[in-house]
Amino acid sequence: IDDHPIVLEGCRRVLLDAGFDEVLEAAAPLEGFRLYRRARPSLVIVDLAIRGSGLAGLSLIRRLRLNDERTPILVFSMHSDPVIARRALKAGATGFLAKDTGPKTLLEAVEKVRRNQPYIAHDMAVQVALLGSRGRAEQADLTSRELQTLSLLGEGRSYSQIADALGVSYKTVANTCSNLKEKLNAGSLQDLVRLAVIHQVSQ
């Protein structure tokens with residue numbers, strides 16, 4: 001369900017090439033809901049911003065969930081804001097994927113969501129998780145390197161392992177973690193790791 005013909009055609013081609021038997025399309029929320037009620041698809045992929053109607057996709061997701069709690073819903077959105085991603089997941093979406101991605105990642109998200117497993121990109125998962133305990137302004141201050149470091153901490157990596165993974169020195173990792181503790185008001189490394197592992201729930 002998307003109001004951009006090129007996006008519809010691109011998604012349809014990727015899914016058919018991957019072995020889906022049939023892909024149905026709708027360019028508006030109401031049309032999409034009616035099509036869903038009629039066809040009862042195994043998966044719904046929906047945009048959030050449709051035809052200049054704000055985030056009408058959120059209302060559609062809630063409406064779909066009132067009728068069916070099981071059908072997997074993957075949001076495929078131009079928005080990469082963690083606040084919007086969290087709203088979509090809270091509304092009932094099974095997964096969230098930004099449109100600045102490739103066909104391979106789209107299929108990975110589709111396959112995971114089809115199994116009713118949550119899907120959200122790694123860095124976005126960290127940002128969404130941290131919104132629960134930190135303000136949005138504080139989260140926005142995190143650099144890409146800090147997000148990468150936080151993600152690896154959440155995986156249980158040591159400073160040395162993080163340094164190897166990122167191709168930087170041990171001292172750089174230690175300094176990055178020191179900055180993270182200050183930005184996230186983590187009193188100790190243990191507190192920082194506790195924040196970092198929250199995102200694993202979304203994986």
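Derivation of every value follows stated rules applied to the coordinates shown; laboratory data play no part. If you're wondering where the values come from, they're calculated on a predicted model, not measured in any experiment. Cβ placement follows ideal geometry from the backbone for every residue including glycine, while neighbour counts extend to all protein chains displayed.
Given the DSSP H assignment, sum -39500 (n - 2.57) over each helix run of at least 4 residues in the chain and divide by its residue total; what's the result at 222 nm in deg cm²/dmol, nearest 500?
Working: 11 runs with 115 residues, N = 203.
Per the formula, -17000 deg cm²/dmol.
Just subtract the alpha-carbon distance of ALA18 and SER178 from 0.36 nm times their residue separation and send over the number in nm, one decimal.
Numbers: separation 160, 0.36 × 160 = 57.60 nm, distance 4.48 nm.
Stretched out fully, the ALA18 to SER178 stretch lengthens by 53.1 nm.
Treating only the Cβ atoms of Lys and Arg (+1) and Asp and Glu (-1) as charged, compute the dipole magnitude of the chain about its Cα centre; round to the nearest 20 debye.
The calculation lands at about 580 debye.
What spacing in nm lies between the two simple spin-label points modelled at ALA28 and ARG114, each 7 Å away from Cα in the Cβ direction?
Distance between label points: 3.1 nm.
Dividing the convex hull volume of the Cα atoms of the chain by its residue count, what figure in Å³ per residue is obtained? Don't skip to the answer; put the middle values down first.
Working: hull volume 25.2 nm³, N = 203.
In the chain, the Cα hull volume divided by residue count equals 124 Å³.
What residue among VAL168, LEU30, THR149 has its Cα farthest toward the positive end of the dipole of the chain, where the charges are +1 on Lys, Arg and -1 on Asp, Glu, each on the Cβ?
The residue sitting farthest along the positive end of the dipole is LEU30.
Report the percentage of all Cα-Cα pairs in segment 140-201 whose separation exceeds 14 Å, rounded to a whole percent. List each step's numbers first, then the result.
Values: 944 of 1891 pairs.
Percentage above 14 Å: 50.
How high is the relative contact order of the chain? Use alpha-carbon pairs under 8 Å, at least six apart in sequence, and give a whole percent.
Taking the mean separation of contacting Cα pairs over the length of the chain, I get 15 percent.
Figure the gain on full extension for LYS90 and SER169 (residue separation times 0.36 nm, minus the Cα-Cα span) and round it to one decimal in nm. Walk me through the numbers before you get to the answer.
On the way: separation 79, 0.36 × 79 = 28.44 nm, distance 3.89 nm.
So the extension gain works out to 24.5 nm.
Quick check for me: using +1 on Lys/Arg Cβ and -1 on Asp/Glu Cβ, what's the dipole size of segment 140-201 about its Cα centre, in debye to the nearest 20?
Charge dipole of segment 140-201: 60 debye, to the nearest 20.
Karplus couplings for segment 14-27 from phi (6.51 cos²θ - 1.76 cosθ + 1.60, θ = phi - 60°), rounded to Hz, Gly and Pro as x?
4, 5, 5, 5, 7, x, 5, 6, 8, 10, 9, 10, 9, 10
Between ARG70 and GLN161, what FRET efficiency follows from the Cβ-Cβ distance if R0 is 22 Å, with the result rounded to 0.05?
Working: r = 39 Å, r/R0 = 1.78.
For R0 = 22 Å, the calculated efficiency reads 0.05.
Taking square-rooted eigenvalues a ≥ b ≥ c of the alpha carbon gyration tensor, is segment 1-61 rounded, prolate or oblate, where a/c under 1.5 means rounded and, failing that, a/b exceeding b/c means prolate? Could you put the intermediate results ahead of the total?
On the way: a/c = 2.34, a/b = 1.41, b/c = 1.67.
Judged from the Cα gyration tensor, segment 1-61 comes out oblate (a/c at least 1.5, b/c at or above a/b).
Residue farthest toward the positive end of the dipole of the chain, with Cβ of Lys/Arg at +1 and Asp/Glu at -1: which of PHE20, GLY10, LEU64?
LEU64
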